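Asker: To start, I am sharing the structure in question, which I have written as structure tokens.
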Amino acid sequence: MNLSRRKLLKMGLLAVCGTVIPLSALEIFKPEAAASLIHPYSEKKRWAFVVDTTKCVGCGMCVKACKLENEVPFDTDVQRTWVERYVQLKNGEVIIDSPHGARYGFTKNDPQGHDVDEAEVAKGLFVPKLCNHCEKPSCVQVCPVGATYKTDDGVVLVDRKWCIGCGYCITNCPYFARFFHPITNTADKCTFCYHRITKGLNTACSDACAFGVRKIGLINDPSSEVFKIINTERVMVLKPEYGNEPHVFYIGLDDIVR
Amino acid sequence: MEAAELAHGALWTIREGFTYPNEYIYWTIHIVVYPYITGLVAGAFVLSSMYHVFGKEELKPVARFSLVFSFALLLMAPSPLMLHLTQPLNSVELMLTPHFYSAIAAFTIVYLSYMAVVLAEIWFVFRPFIIEQAKEKKGLLGLIYNAMTLGSFDVSEKARHTDEKIIKILAAVGIPAAALLHGYVGFIFGSVKTVPLWKTPLMPFIFLMSAIISGVAGCIVTYILGMALKRNFICGASIRSMCKVLVWFLVAAIVLEGVDLIFHGYTAEESWGIMSELLFQRFAFKMIVVQWLLGMILPLFLLLLPRLTMFRAFTSATLVLIGVFMMRWDVVIGGQSMSRSFAGFLTYKMPIIPNSIEAFREGPFPIGFLMIMPFILLFIFNRVLPVFTEVFNEDDCGFTEGLLTKKDHAKH
Amino acid sequence: MSHAWRPVFVVLAVVVTMLVVRVIFVPSDFAAKNGDYKYQWHRLASEQFWKDFSVKHKGREFCQQCHSELVDKIKDSGHQNVQCENCHAMSDPAKKSHPINLKEDFGYLLDIGVDRSRELCKRCHAELSYRPPTYTTTKGTVKFKMIDPTKHNPGVECVMCHDVHTAGFKTTGK
């Protein structure tokens, strides 16, 4: 009696597994399922950004557009997005700079203000940077009054009315994406152009980019370009060791990038 | 460029090599002074508790004074923070909507509860005096004393006995509270994962040890100066006892800070390249010479030499005070001096000339005022309460000294 | 127990006062959204503040309303990916030169002007060995034209010879 029941259970289990497993195996060929192997897939809207450094020419138009769009005083040396230049010389020396956040672009081979002969350059690249809108933002974690927060769609924002200006969030950002806004005197940062993306527009910086370096999109939406790139190409994030789970993905990074 | 459009931090930061474009020294002199003051608070309180809890009789002449000194410092502790905030008026939100995932949010609770303990202890210690004054004095002063009695005029034998018991309990409770007040400041730094110099679990303990040595040293210096100014007898036994406490905690501080440094060097993580340049070149004088040699090793040596003199105790305590201030500077400014890109340095240059509001706020004047204020407060408190009246004469001192060693007693 | 309780009453009074103050002054919409106290503890109205922030870059569609000719021209050129505002939005309000007050008439907030400086063109076209050699347009992959500004007609405005809107040479010399 007992034995036969056990047998029946076993058979039933086998039959169920036998049909379910092959079917579920097909699941991983769906892009959204493949994505779930990297990031737990959820239907929740979540903004993410892709930066293709291989296409960046360092014109700095993104920086200019961002400053004008978001009312960050143009002549002040703080910016929500900026472009860094990495030049490796043939003698192995690496020179990095980002004069004024590159809001006037790079027009000369003069990293750190010193002219370098083109013949000495081994390689170089431009790396646009912005707030990484981390899944676990360490800046938000340390705000003592709840003046900075993550929205439901993954964008990290600052409450200008509530910020006390202690600077703890600035200190806790591994990327230095935060600064004090010279006019409001509160912490400020990239908002992924929240006023634009919530209206169906692109961010100001990606609109200003003539080379298709910057892309904003929903990481869970299979029709978005960001989704496609993250799930089909080799992408990297900056400083993953801090455990913040940044959501700006880079194509073509190099080990000299900091 | 107009001054109004200068980035917050650009006024006092000089950048070299590659630093991120938004990277400035955001935590400046105020954040150096803040842990220094809370450190003095904690240290002074621990010293007063040594008399009340552990019954160290020879500390009696400094027990009341160090308690009130601790309170005077505690009153000034939030002011550097207020000067530091870019929106100081919003600071009340710390009480309204605290976000306890942030170490800073604990400030109100830790600070106020510690304040409650210290105030209560002061009340119980000075209660008989307050009641006496409330009965005698007329006018405004009388009103103040009357308010300070909280409406209780009970000075019976039984009530006094209850007071003694409660003081003991409060002094005991105050020790962990003081440790918490300062340990949490260490936590604020130790938990910043982006600054390699700060990120160590030892940070709260390092801060605590240096807090106690600075507090004890502060009491030694103020006690000697206060007594000398009033031309009162300075009890050698008290000084000797305080120096003994100082020696023990100095050793602990040296061990902890040394272990931290050795681990940074031995594990040699990515940041060590730039950190070693910072510690051994750029901050070599501030850190190795002032903080380590002058601030810890030399005082320890001076205190350990046989036959301690008043002058030597005073010198060592002053050196410790300077050394601990330098330690705060090296931690706060040094930590931010390394670019987070590990490819550049930031140099802090305090704006001396107050040619704008920001330059004044960040300059030496408010800080100088802050550092003098506790002593002014102490002076005022001394007018209202008998902070220094519990003075030992030579006989009292000799007696307690006799309790210490017979040889010392014989000298007097 | 007599007098010993008095400090306790003082502490209780302070705590009660603080709680009352809290109730009065905390905004009613302050909440831990989704129960996420760690990352979503905030004033909900702040989200709306950022959603309502003014959109300033309005793109080609906006300029097209009057300058359809130029927009059509550039759409067919090598500069087809370059937005009007990249070159025409002035970071310095003093350089504003648009004849019509765009702010009052169209609610357009950027300062529009014309920048003929070599510096502007050099942002993309100054030769740097590490600049990507090609870029992509609707016409496929195109070689990216770069010049050495120190050798290529120094001191002369680029627009002397080049027509920016066709990304070619000017046909009718001025």
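Asker: Could you list, in sequence order, the residues of the range A:144-170 that are facing another protein chain (nearest Cβ under 7 Å), closer than 16 Å to B:W198 by Cβ and under 19 Å from the mean Cα position of the chain (by Cα)?
Answerer: Passing the criteria: only A:I170.
Asker: Can you find, within the range C:24-40, the residue that is surrounded by the most Cβ atoms within 10 Å (Cβ to Cβ) among those that are out of contact with any Lys or Arg (no Cβ under 7 Å at 6 or more places or on another chain), part of a loop (DSSP other than H, G, I, E, B) and not aliphatic (A, V, I, L, M)?
Answerer: C:K38
Asker: OK, next. Could we say that B:E5 is surrounded by fewer than 21 Cβ atoms within 10 Å (Cβ to Cβ), more than 12 Å from every other protein chain (Cβ to nearest Cβ), of a type in the set (D, E, K, R) and more than 16 Å from B:M373 (Cβ to Cβ) here? Full working, then the answer.
Answerer: Working: surrounded by fewer than 21 Cβ atoms within 10 Å (Cβ to Cβ): yes; more than 12 Å from every other protein chain (Cβ to nearest Cβ): no; of a type in the set (D, E, K, R): yes; more than 16 Å from B:M373 (Cβ to Cβ): yes.
For B:E5, the condition - surrounded by fewer than 21 Cβ atoms within 10 Å (Cβ to Cβ), more than 12 Å from every other protein chain (Cβ to nearest Cβ), of a type in the set (D, E, K, R) and more than 16 Å from B:M373 (Cβ to Cβ) - is not met.
Asker: Oh, and also: Kindly establish whether B:P354 is over 19 Å from B:I29 (Cβ atoms) and either polar (S, T, N, Q) or in contact with a Gly (Cβ under 8 Å, 6 or more places away or on another chain) (or both). Quick ask: steps written out before the conclusion?
Answerer: On the way: over 19 Å from B:I29 (Cβ atoms): no; either polar (S, T, N, Q) or in contact with a Gly (Cβ under 8 Å, 6 or more places away or on another chain) (or both): yes.
For B:P354, the condition - over 19 Å from B:I29 (Cβ atoms) and either polar (S, T, N, Q) or in contact with a Gly (Cβ under 8 Å, 6 or more places away or on another chain) (or both) - is not met.
Asker: Right, next: Does A:G212 qualify as being over 25 Å from B:Y24 (Cβ atoms), away from chain B (no Cβ under 14 Å) and under 17 Å from the mean Cα position of the chain (by Cα)?
Answerer: Answer is yes for this residue.
Asker: Can I ask one more? Are there any pairs with C-beta distances below 8 angstrom linking a residue in the range A:130-141 that is within 17 Å of A:G217 (Cβ to Cβ) and modelled with pLDDT of 95 or more to a residue that is of a type in the set (G, A, S) and buried (at least 24 other Cβ atoms within 10 Å of the Cβ), with the two at least 6 apart or on different chains, and if so which?
Answerer: Qualifying pairs under 8 Å: A:L130/A:A177; A:C131/A:A177; A:N132/A:A177; A:H133/A:A48.
Asker: Considering C:V21, C:V14, C:V71, which residue is surrounded by 16 or more Cβ atoms within 10 Å (Cβ to Cβ) and of a type in the set (A, V, I, L, M)? Give the derivation first.
Answerer: Values: C:V21 fails: surrounded by 16 or more Cβ atoms within 10 Å (Cβ to Cβ); C:V14 fails: surrounded by 16 or more Cβ atoms within 10 Å (Cβ to Cβ).
It is C:V71.
Asker: Which number in (1) touching a residue at least 60 places away in the same chain (Cβ under 8 Å); (2) of a type outside the set (D, E, K, R); (3) buried (at least 21 other Cβ atoms within 10 Å of the Cβ) marks the one condition that B:S79 misses?
Answerer: (3)
Asker: Restrict the check to the range A:133-143 and report whether at least one residue is farther than 19 Å from A:W82 by Cβ, more than 14 Å from chain B (Cβ to nearest Cβ) and assigned to a loop (DSSP other than H, G, I, E, B).
Answerer: The answer is yes, given that some residue of the range A:133-143 is farther than 19 Å from A:W82 by Cβ, more than 14 Å from chain B (Cβ to nearest Cβ) and assigned to a loop (DSSP other than H, G, I, E, B).
Yes or no, residue by residue, for (1) more than 23 Å from A:A147 (Cβ to Cβ); (2) out of contact with any Pro (no Cβ under 6 Å at 6 or more places or on another chain); (3) not small (G, A, S):
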site: A:I164; (1), (2), (3): no, yes, yes
site: A:K199; (1), (2), (3): yes, yes, yes
site: A:A210; (1), (2), (3): yes, yes, no
site: A:I216; (1), (2), (3): yes, yes, yes
site: A:S224; (1), (2), (3): yes, yes, no
site: A:F227; (1), (2), (3): yes, yes, yes
site: A:Y250; (1), (2), (3): yes, yes, yes
site: A:V257; (1), (2), (3): yes, yes, yes
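Asker: Pairs under 6 Å by beta carbon, first residue farther than 17 Å from A:A210 by Cβ in the range C:61-86, partner of a type in the set (F, W, Y), six or more apart or different chains?
Answerer: Final answer for the pair search is none.
Asker: Same structure again: Taking C:K75 as meeting all but one of (1) within 12 Å of chain A (Cβ to nearest Cβ); (2) within 23 Å of A:K64 (Cβ to Cβ), write down the number of the exception.
Answerer: All conditions pass for C:K75, except number (1).
Asker: Tell me which helices (runs of 4 or more DSSP H) are completely within the range A:165-222 and hold 1 or more residues being modelled with pLDDT of 95 or more and buried (at least 24 other Cβ atoms within 10 Å of the Cβ), or say none if there are none.
Answerer: A:168-171, A:204-208
Asker: Which of (1) over 22 Å from A:T191 (Cα atoms); (2) more than 12 Å from chain C (Cβ to nearest Cβ) is the odd one out, the single condition A:K108 does not satisfy?
Answerer: Only one criterion is unmet by A:K108, namely (2).
Asker: Shifting gears a bit: Taking B:F100 and the conditions (1) within 14 Å of chain A (Cβ to nearest Cβ); (2) outside any helix (DSSP H, G or I); (3) surrounded by 15 or more Cβ atoms within 10 Å (Cβ to Cβ), which numbered condition does it fall short on, given that it satisfies the others?
Answerer: Tallying (1) within 14 Å of chain A (Cβ to nearest Cβ); (2) outside any helix (DSSP H, G or I); (3) surrounded by 15 or more Cβ atoms within 10 Å (Cβ to Cβ), B:F100 fails exactly one: (3).
Asker: Now for a different question. Restricting attention to the range B:188-203, does a residue exist that is among the hydrophobic types (A, V, I, L, M, F, W, C), surrounded by fewer than 20 Cβ atoms within 10 Å (Cβ to Cβ) and in a helix (DSSP H, G or I)?
Answerer: The answer is no, given that none of the residues of the range B:188-203 is among the hydrophobic types (A, V, I, L, M, F, W, C), surrounded by fewer than 20 Cβ atoms within 10 Å (Cβ to Cβ) and in a helix (DSSP H, G or I).
Asker: Only one of these is within 25 Å of the chain's Cα centre (by Cα), within 14 Å of chain B (Cβ to nearest Cβ) and more than 30 Å from C:A167 (Cβ to Cβ): C:S54, C:S46, C:S2, C:S28. Name it.
Answerer: C:S46
Asker: What is the number of the single condition among (1) within 13 Å of the chain's Cα centre (by Cα); (2) of a type in the set (S, T, N, Q); (3) within 11 Å of chain B (Cβ to nearest Cβ) that A:T191 does not meet?
Answerer: All conditions are met except number (3).
Asker: On to the next question. On the given criteria, is B:T28 buried (at least 24 other Cβ atoms within 10 Å of the Cβ) and of a type in the set (V, I, T)? If you could, list the steps in order and put the result at the bottom.
Answerer: Values: buried (at least 24 other Cβ atoms within 10 Å of the Cβ): yes; of a type in the set (V, I, T): yes.
Answer is yes for this residue.
Asker: Out of (1) buried (at least 24 other Cβ atoms within 10 Å of the Cβ); (2) within 19 Å of B:A172 (Cβ to Cβ); (3) in contact with a His (Cβ under 9 Å, 6 or more places away or on another chain), the odd one out for B:L47 is which?
Answerer: Evaluating B:L47 over (1) buried (at least 24 other Cβ atoms within 10 Å of the Cβ); (2) within 19 Å of B:A172 (Cβ to Cβ); (3) in contact with a His (Cβ under 9 Å, 6 or more places away or on another chain) leaves (3) as the failure.
Asker: Within the range B:104-116, can you find the residues that are at the interface with another protein chain (Cβ under 7 Å from one of its Cβ atoms) and either over 17 Å from A:Q141 (Cβ atoms) or in contact with a Ser or Thr (Cβ under 6 Å, 6 or more places away or on another chain) (or both)?
Answerer: Selection gives B:A116 alone.
Asker: Follow-up question, since we're still on this one. Considering only the range B:331-343, I want to know if a residue exists there that is more than 26 Å from B:M275 (Cα to Cα), outside any loop (DSSP other than H, G, I, E, B) and not polar (S, T, N, Q).
Answerer: From the range B:331-343, those more than 26 Å from B:M275 (Cα to Cα) are none; that's our starting set.
No; the residues of the range B:331-343 include none that is more than 26 Å from B:M275 (Cα to Cα), outside any loop (DSSP other than H, G, I, E, B) and not polar (S, T, N, Q).
Asker: Continuing with this model, one more query. Being touching a Gly at 6+ places or on another chain (Cβ under 8 Å) and over 18 Å from B:I239 (Cα atoms) is the filter; apply it to the range B:293-311 and report the residue that is surrounded by the fewest Cβ atoms within 10 Å (Cβ to Cβ).
Answerer: B:L294
Asker: Another question about this same structure. When only residues in the range C:139-174 that are at pLDDT below 90 and of a type in the set (S, T, N, Q) count, which is farthest from C:K75 (Cα to Cα)?
Answerer: Here the residue is C:T172.
Asker: Got a number for residues in the range B:34-91 being hydrophobic (A, V, I, L, M, F, W, C), more than 14 Å from B:E121 (Cβ to Cβ), more than 14 Å from chain A (Cβ to nearest Cβ) and over 13 Å from the mean Cα position of the chain (by Cα)?
Answerer: Total satisfying the criteria: 3.
Asker: Hey, among A:R103, A:R46, A:R80, which residue is within 20 Å of A:P182 (Cα to Cα) and more than 12 Å from chain C (Cβ to nearest Cβ)?
Answerer: Going through A:R103, A:R46, A:R80 in turn, the sole match is A:R80.
The values are calculated or read from the model by the stated rules, or taken from the named source; none is laboratory data. Everything numeric in this text was worked out from a predicted model, so none of it was measured. All Cβ positions, even for glycine, are placed from backbone atoms using ideal geometry, and neighbour counts span all protein chains on display.
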